[in-house]
Structures are given as C-alpha cells and as structure tokens.
Amino acid sequence: MEAENIKNINYQVIYRNIKYPRIEFKTGRLVLVLPHGENPDKIIDKHKNWIEKKMEFIRESLKNSNGKRISSRTDKELRNIVYSLVKRISDELDVRVNKIYFKRMKTKWASCSPKKNLTVNVLLKYLPENLIEYVIHHEMTHLIEKRHNKRFWDIISRKFTNYEEMEKELFTYWFLIHKLNDTTKF
C-alpha cells in the first residue's frame, strides 16, 4: 500500500496473513505490518510515543550525518578488509569463523550464525574502516556470547571503550546510506 499520513505521521501499511501487528523502521521509514482488516489508526495511537521517539532518533541521526562522507570502496576491497579483520580478530578473541558470505542485507550490517558463518552486508563498503572493524568484531564476539548481555558488552568494551558512540555512528551511516539510496542507485 502507498504511504499514508495520519496525525502528521507518514507511514506505509502492508497487510499480511499474520496474527500480530508489527511496527518497523528498517530504513528510516515507518512501516506498519498488519493482519488483514486491522485499523492502522489504532496501532498508531497505541504506539505513538514510541514512534515519535524513534522518529526523533532518526532525525538526529540524519542531522549528525551532515558533513559525513561515505567511502567509495569496491566489493573486492571490502572483501579484502573483512578477510583481514576476521583473521586478526580470530586470533584476538580466540574464535574461528566457518564461512564468510557477502550480501545486501535490509536490516543489519552483519550477522553471525550458530554454525559460525559470518554474513556481511555489502553496504559496509561505504563505512569508515574503523566502523567496519567494529561491526566485524561485534559479530565475532557473538561466537563467545550469543546475546547482547553484560558479558557481551564487557568483551566489546575491552577493545572499544567508546562502543556506544560507535553504535550511534552506525545508525547515522545507516540512515545516510539509505537516504542517498532514495536518490541514487548504489
């Protein structure tokens, strides 16, 4: 369905054969995934404060993106960086990755499966190298601790004491890249 505007909130509604409604901000746009027949007004009203907080966070991220430049690496250059980082971080964390995959991902920079496979979003090529390193280190830390709990963040903070800033920076680049993608094809 096309984007709508209720109570000054632009959003898109997608009706699916699902039991429970879902609210998404994957690329900075509000998307309501609803069961057939569900009234979007009801969902907007129920979650309006949460939606407004998320929208403010996105606006702040986009504001912070002013003056930021995206890198212009090739896919091959990204692969070389990732393979080099995986080798180094494997030694640092004493973990091993099984396989590395590269693909365009809609909601994540990367992921690490229970089978120790690392999937890397090809959009990482637009990030500064320190953020690529952080993403790879973050995912490889999941080989030690699966959840984002205290132990996980303790491990992360040994290498990245400023990990909270880096997480915010990743959102800034995420929305910047997707904003540019609205006007340009990568």
Query raised in the report: Among the residues of segment 121-133, is there at least one that is more than 17 Å from the chain's Cα centre (by Cα), among the charged types (D, E, K, R) and not assigned by TED's automatic domain parsing to the domain that holds Leu30?
Result: no
Query - So Tyr134, is it among the hydroxyl-bearing types (Ser, Thr, Tyr), surrounded by fewer than 20 Cβ atoms within 10 Å (Cβ to Cβ) and farther than 25 Å from Arg29 by Cα - result: no
**Report entry** Residue selected from segment 96-112 under the condition surrounded by 15 or more Cβ atoms within 10 Å (Cβ to Cβ) and out of contact with any helix residue (DSSP H, G or I) (no Cβ under 6 Å at 6 or more places or on another chain), by the criterion nearest to Ile132 (Cα to Cα)
**Finding:** Ser111
Requested in this report: Could you please let me know if Thr107 is out of contact with any strand residue (DSSP E or B) (no Cβ under 7 Å at 6 or more places or on another chain) and within 23 Å of Glu77 (Cα to Cα)?
Outcome: yes
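Residue-by-condition table, conditions (1) surrounded by 12 or more Cβ atoms within 10 Å (Cβ to Cβ); (2) among the aromatic types (Phe, Trp, Tyr); (3) over 12 Å from the mean Cα position of the chain (by Cα):
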position: Thr119; (1), (2), (3): yes, no, yes
position: His142; (1), (2), (3): yes, no, yes
position: His148; (1), (2), (3): yes, no, yes
position: Glu167; (1), (2), (3): yes, no, no
position: Leu170; (1), (2), (3): yes, no, no
position: Phe175; (1), (2), (3): yes, yes, no
**Report entry** helices (runs of 4 or more DSSP H) contained in segment 100-186 and holding at least 2 residues more than 22 Å from Ser84 (Cβ to Cβ)
**Finding:** 150-159, 163-183
Query raised in the report: Of the residues that sit in segment 11-33 and are closer than 25 Å to Phe171 by Cβ and in a loop (DSSP other than H, G, I, E, B), which one is modelled with the highest pLDDT?
Result: Pro21
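Among the residues of segment 74-102, which ones are among the basic types (Lys, Arg) and free of Cβ contacts under 8 Å to residues at least 12 places away in the same chain?
Lys76, Lys87, Arg88
Within segment 57-86, how many residues turn out to be farther than 20 Å from Asn121 by Cβ and either under 17 Å from the mean Cα position of the chain (by Cα) or at pLDDT 85 or above (or both)?
Residues meeting the conditions: 4.
The values are calculated or read from the model by the stated rules, or taken from the named source; none is laboratory data. Treat the numbers as computed from the prediction; the structure is a model and nothing was measured. Cβ sites come from the backbone with ideal geometry, for glycine too, and all protein chains shown count toward neighbours.
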